[in-house]
1. Between exposed trypsin sites (Lys or Arg not before Pro) in the chain, where DSSP calls loop and at most 16 other Cβ atoms lie within 10 Å, what's the longest gap?
2. Filter the chain for me: DSSP H helices, axial length by Cα at least 18 angstrom, mean Kyte-Doolittle hydropathy not below -0.5. List them by residue number.
3. Can you give me the distance in nm between label points at V208 and C291, each placed 7 Å from the Cα along the Cα-to-Cβ direction?
4. What percent does the relative contact order of the chain come to when contacts are Cα pairs within less than 8 Å and at least six residues apart?
5. State the label only: which of (1) 64, 57, 39; (2) 79, 45, 40; (3) 69, 48, 39 corresponds to Cα extents along the principal axes in Å computed from the shown model?
6. Neighbour counts of other C-beta atoms within 10 Å: give me V130, V441 arranged from fewest to most.
7. Would you mind putting 181-191, 453-463 in packing order, based on average other-beta-carbon counts within 10 Å, highest first?
8. Consider a paramagnetic label point 7 Å from the Cα of R432 along Cα→Cβ; state which residues of the range 104-128 have an amide N under 19 Å from it.
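Here, each number is a calculation from the coordinates, and none is a lab measurement. If you're wondering where the values come from, they're calculated on a predicted model, not measured in any experiment. For neighbour counting, all protein chains shown are included, and Cβ atoms are generated from backbone atoms with ideal geometry for every residue, glycine included.
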Amino acid sequence: MVDQKTPADAAASRGRGGAPAIRERLTRRKPVEELVAETQAAEGTGLQRHMGFWQLSMIGIGATLGTGIFVVLGEAVPVAGPAVILSFVLAGLTALFSALAYAEMAGMIPASGSAYSYSYATIGEFMAWVCGWCLMLTYGVSVAAVGVGWGEYINELLHLTTGLSLPQALLAGPMEGGLVNLPAAAVVLLSMFALLGGVRESSRLNAVMVVVKVAILVMFVAIAVTAVQEGNFAPFMPMGMAGVSAAGATLFFSYIGFDSVSTASEEARNPQRDLPRAIMFSMILVTAIYCLVAFAAVGAFNWTGFADGETSLAGILTKVTGTPVWAVVFAAGAVLALASVVLVVLYSQTRILYAMSRDGLIPAAFSEVDAKGTPCINTLVTSLVIAVLAALVPLGPLADATSIGTLFAFALVNVAVLVLRRTRPDLPRAFRVPGAPVTPVLGVLACAFLMFSMSLSVWLAFLAWLAVGFAVYFGYGMRRSALERV
């Protein structure tokens, strides 16, 4: 049952001047029933329900299958050696625990706020804000990071087909000795225009790009596996378990995106049935593809060759076949594949902001929608900020910052499952995490393990981001919260 307070209780919990006491304001929750009722009340005036299982699955695959395998693999192999395969397994298991938790929560609370909404219903407003703030980091920086990876493949495709390359000044920001990463900013802006055209149209475009990216990765495995040599796997773990865990923390970036399915909750025709299925299907398919690609890549090309940081999957195809033809096909497919990630993750970012705006924690303009059900101002502002980020910051710091914010948010979703299992066992669940409470606890521990595998510089950047978030919440969000007026 939802907690009920008597007038005396309410008065006792309020400070001077009738304002709620600070502790109550930080821990106030939004009941599950209210979250569900809000999404139903918004039908016809807010986001529009038109997505089925396949469209939702394409969102999950489209957001997940991207830069992690196309670009970040090359950065992880020198850290773990051939054991990078185990690093993928470690990162995948961590993501799987959280995927199970997401599946249970999405089936119960079909709200576009994803982990933010789940935290609001279980842990309280302050932790929900922290979760939402981390998701801003996750989605926003992830889009920028994928944009940087897209620019690298655009340049590689140009070089393979014409022998020319883009000037370094237009391929990197000031931190890398350039001026601005023009391709990275361009793909973000192109995705912005696609989203402004309407969700139906952009979801169809994403589905086409997902088919292309799966096809080219299958093509890579089929070609590279013919050149696999047993000697390339020895020594299998040259950096020990420390290398495996460090690479796993970096490669966790590869699994970010399956939770994008839950941000489409308010645009799903049957969210309770289709969301859990789409989350698990996309996770299983993506994990299988990642393991196959990693095996084929390190088996066909000795891991020490990745140390220069310039070995890409397209480059491996050229070395294996002796001709650039397949590399051209792969690079062209990668350009489309990474564009789909930018499109879907940018979409997810706008939906998180939509939910936070509806709750009053950020300005109301972010929850205004046009006749097509598109949050236009939200999409414009978010896209422009991310385009600037993509143009100026290199891939490595972006990927690591994205991973730590995501791991924190995922840990909170596992906590939300534990809380609701204890406080609201009566709620109908379309999907139940198997092995609970052990499985969600393992999910929290796995997220913590990977977080503490990250470098001090990443932690300092994360803590700085949280400090800014605290200032925004206490300076604006807490006083403007919709629950402040209840």
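1. It works out to 6-268.
2. Answer set is 84-108, 125-162, 182-196, 199-224, 271-300, 325-358, 376-392, 395-423, 438-451, 456-472.
3. Placing both labels 7 Å along Cα→Cβ, they lie 3.4 nm apart.
4. Relative contact order of the chain: 31 percent.
5. Computed from these coordinates, Cα extents along the principal axes in Å corresponds to label (2).
6. V441, V130
7. 181-191, 453-463
8. Label zone hits: 104-109.
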